[in-house]
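Here's the structure we're looking at; comments come further down.
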Amino acid sequence: MHFYSFNIGDYMSHTMHLSPMEDLAYRRCMDIYYLHEKPLPENVKDVARLIRMMDHTHQVQIVLEEYFTLQLGKGWINPRADEEIEKYQSKVQSAIRAGK
């Protein structure tokens with residue numbers, strides 16, 4: 001997914017308490033999650049490396065624990081993002097069927 005809807009009001013109301021580094025970690029985690037349409041790696045250090053925040057692993061862990069759920073054997077998931085990805089994929093499949 002190369003595009004996702006971004007509601008500024010929702011974002012601000014759910015992230016106002018984050019430090020600047022936590023906010024950056026959250027945005028980067030969400031961007032990677034949407035881009036690849038799959039869970040983030042289980043290991044926090046691997047996530048920190050993936051989002052280019054190796055010096056801020058603690059902040060990455062805080063974000064993962066607050067906004068994601070760890071599923072062993074699968075990785076860190078975000079149910080809200082999964083819903084949006086599912087809607088997007090459904091639209092893509094409908095467009096493909098309509099084009100045939």
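The values are calculated or read from the model by the stated rules, or taken from the named source; none is laboratory data. This structure is a prediction, so every number in the text was calculated from the model and none was measured. Note that each Cβ is placed from the backbone with ideal geometry, even for glycine, and that neighbours are counted across all protein chains shown.
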Handout entry: the range 79-100 residues that are hydroxyl-bearing (Ser, Thr, Tyr), paired with ones that are exposed (fewer than 11 other Cβ atoms within 10 Å of the Cβ) (beta carbon under 9 Å, 6 or more apart)
Key = 88/3
Practice task
Could you tell me whether the range 4-18 includes any residue that is among the aromatic types (Phe, Trp, Tyr), in a loop (DSSP other than H, G, I, E, B) and without any contact (Cβ under 8 Å) to a residue 12 or more places away in the chain?
Solution key: yes
Fill in the blank from the handout: Counted residues in the range 1-49 being hydrophobic (A, V, I, L, M, F, W, C), farther than 17 Å from residue 67 by Cα and in contact with a helix residue (DSSP H, G or I) (Cβ under 7 Å, 6 or more places away or on another chain) come to 1
Handout entry: Considering residues of the range 1-30 that are acidic (Asp, Glu) and modelled with pLDDT of 95 or more only, the residue surrounded by the most Cβ atoms within 10 Å (Cβ to Cβ)
Key = 22
Completion exercise
When every residue in the range 19-40 that is free of Cβ contacts under 8 Å to residues at least 24 places away in the same chain and of a type in the set (D, E, K, R) is compared, the one farthest from residue 6 (Cα to Cα) is 23
Handout entry: Verdict on residue 40 being modelled with pLDDT of 95 or more, surrounded by 15 or more Cβ atoms within 10 Å (Cβ to Cβ) and in contact with a strand residue (DSSP E or B) (Cβ under 8 Å, 6 or more places away or on another chain)
Key = yes
